[in-house]
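Presented below is the structure to which this report refers.
The values are calculated or read from the model by the stated rules, or taken from the named source; none is laboratory data. From a predicted model like this one, the values you see are computed outputs, not experimental measurements. No Cβ is skipped: glycine too gets one built from the backbone with ideal geometry, and neighbour counts run over all protein chains shown.
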Amino acid sequence: MFKKILIANRGEIAVRIIRACREMSISPVAVYSDADRTALHVRLADQAVHLGAAPSSESYLCGDKIIAAAKQTSAEAIHPGYGFLSENAAFAEAVEQAGLVLIGPPAAAMKMMGSKTSARRAALAAGAPVVPGTTAPIASVEEAINIAEEIGYPVMLKAASGGGGKGMRRVGCRDDISSAFTMAQSEALASFKDAAVYLEKYIERPRHIEIQLMADQFGNTVYLGERECSLQRRHQKVVEECPSPVVDEELRHRMGEAAVKIARAAGYVNAGTIEFLVDSQKNFYFLEMNTRLQVEHPVTEMVTGRDLVHEQIRVAAGQPLSFSQTDVWLRGAAIECRIYAEDPEHNFMPSPGLIKKIKTPAGPGVRDDSGVYEGWEVPVFYDSLLAKFCVWAETRALAVKRLARALDEYEMSGIRTTLPFFRAIVRNEDFQQGNFDTGFIDRFLQTQNHNPAASAADDDAMAAQQELADLAAIAAVLHSKTTAQQHRDATPQATESRWKTYGRMAQRRF
């Protein structure tokens, strides 16, 4: 077993991994930027190494600095968490070449499944159902039009790299495909330094359901049930739960077995997630694979009783899985809300600043994975996630009631947060009944009262910022014709923070 692990991340996920290390008698090492000198993960670690200036491109995305920090502190392994370099195959290879262990999948599996087009090919080869579409990037608008007319509108254009809802455009007719193709490419390049996009059939009002996997180096691959991830805003998950209200044992088994086949075909090891779209007839289709620990992993832990971070570390250390498929049981129901430093009354604009007070809920079945504390200044440079707040109960109905009670107790002052938004969601009848799909939150926001004048002013300001950003992105696409390829393989994939994206993109007002 490892004696020391470096956590190449920040915020709540770094704190989560540090606590797992403590429980396994492993010394945790933190890294930090100028903006995070007093962050909670730095205060909790045994050692902390300064990486550089606040921008992630000068700190958390600098793979060479992270590897050097691991060697400097005699850490044997690196846990990347999620985001930043967690799905960067070049970084995974560099870690291996440095004689260190990456707590995650092999670089080859990460490379295969990290690209959505190659992942679709792997899923097809494994016999999994896949949404009709392309298995290679689209070269031109004309090609996109031909494919769209062949499979039928509406279709979805998607970035081949990255995720988080960036580089995605729904296209309802031929007239819209040219502009959508250009904008999808632009956003993909700006977010992932890769302008490649592919096309697939758009499934109307689907549910987004994912399967949690864990695999060891001895050929054992196990699925730990599903997570319901349909509650999304701009393709970003904001509420997750386990199990899904619509998945029965028969569907769970079929989805789980399909996910295992895909992972085995890719030679996958460690924690990973296969994401599916499920239509109203309960047909499911492979969407993508996340080759890392997911943000929403706590709900699976609460329902299965399995610590996924502990298991990740054991597998990376060369140990077999501590459980088999027959040992996996789902007990009760868990729901998670992602608490962001955003103002839901003003189009979810970012709300950095000093946290003056925090009152965290308590009681049976309550868990708060937080990366903040009273007196800490929330920076503007990174994703605005403050905490992942989860509850568990014997049934989903009881879990919803517990969540409503606990959210009423949760207080955070000094900054705006999404707590009021979740308090409204949890009291919505459709949510309480489990009657929703990926478009639920958009429809929910449309029903909320708001000030039209203020909303229009916010929308105009953000629209102007979006226009400037789009022009810059289009220029970047043109420039990439001669330079993108050499950077694609050599440069860590820097995903633009949702923090900044929300500050400039027009959205419906809560």
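Looking at (1) of a type outside the set (Gly, Ala, Ser); (2) part of a strand (DSSP E or B); (3) under 21 Å from Gly152 (Cβ atoms), which is the one condition that is false for Ile203? It is condition (2) that Ile203 fails. Only residues in region 404-426 that are without any contact (Cβ under 8 Å) to a residue 60 or more places away in the chain and in the same structural domain as Leu231 (by TED's automatic domain parsing) count as the first member; pair them with residues that are assigned to a strand (DSSP E or B) and buried (at least 21 other Cβ atoms within 10 Å of the Cβ), Cβ under 6 angstrom, at least 6 apart or cross-chain, and list the lot. Partner pairs satisfying both residue conditions: Ala406/Val391.
Where helices (runs of 4 or more DSSP H) sit wholly within region 41-151, those with at least 3 residues that are touching a residue at least 40 places away in the same chain (Cβ under 8 Å) and not hydroxyl-bearing (Ser, Thr, Tyr) occupy 63-72, 107-114, 116-125, 141-151.
Of the helices (runs of 4 or more DSSP H) lying entirely inside region 240-320, those carrying at least 3 residues that are in contact (Cβ under 8 Å) with a residue 12 or more places away in the chain and closer than 30 Å to Ser370 by Cα are 297-304, 308-316. Screening the candidates Arg205, Arg170 for the property of being more than 26 Å from Glu87 (Cα to Cα) and modelled with pLDDT of 90 or more yields one hit, Arg205. If you go through region 103-114 and keep only what is surrounded by fewer than 24 Cβ atoms within 10 Å (Cβ to Cβ) and of a type outside the set (D, E, K, R), you end up with Pro106, Ala107, Ala108, Met112.
Taking the criterion of being under 27 Å from Ile339 (Cβ atoms) and of a type in the set (A, V, I, L, M), the residues of region 30-52 that qualify are Ala30, Val31, Ala35, Ala39, Leu40, Val42, Leu44, Ala45, Ala48, Leu51.
If I filter region 350-400 down to residues being part of a loop (DSSP other than H, G, I, E, B) and surrounded by fewer than 13 Cβ atoms within 10 Å (Cβ to Cβ), which single residue comes out as nearest to the chain's Cα centre (by Cα)? Restricting to residues being part of a loop (DSSP other than H, G, I, E, B) and surrounded by fewer than 13 Cβ atoms within 10 Å (Cβ to Cβ), the top hit is Tyr373. Whether a residue is at pLDDT below 95 and not hydrophobic (A, V, I, L, M, F, W, C) was assessed, and Asp408 does not pass this test. Looking at His346, His297, just one residue is out of contact with any Gly (no Cβ under 7 Å at 6 or more places or on another chain) and either buried (at least 22 other Cβ atoms within 10 Å of the Cβ) or not assigned by TED's automatic domain parsing to the domain that holds Pro379 (or both), and that residue is His297. Just wondering, is there one or more residues in region 23-38 that are in a helix (DSSP H, G or I) and in contact with a strand residue (DSSP E or B) (Cβ under 6 Å, 6 or more places away or on another chain)? For region 23-38, residues in a helix (DSSP H, G or I) and in contact with a strand residue (DSSP E or B) (Cβ under 6 Å, 6 or more places away or on another chain): absent. Exactly one residue out of Ala144, Ala159, Ala190, Ala148 is farther than 18 Å from Arg120 by Cβ and small (Gly, Ala, Ser), and it is Ala190.
Checked against the criterion of being within 20 Å of Ala263 (Cβ to Cβ) and at pLDDT 95 or above, region 331-342 has no qualifying residue.
One residue alone among Asp216, Asp176, Asp248 is over 20 Å from the mean Cα position of the chain (by Cα), under 26 Å from Ala107 (Cα atoms) and not β-branched (Val, Ile, Thr), and that residue is Asp216.
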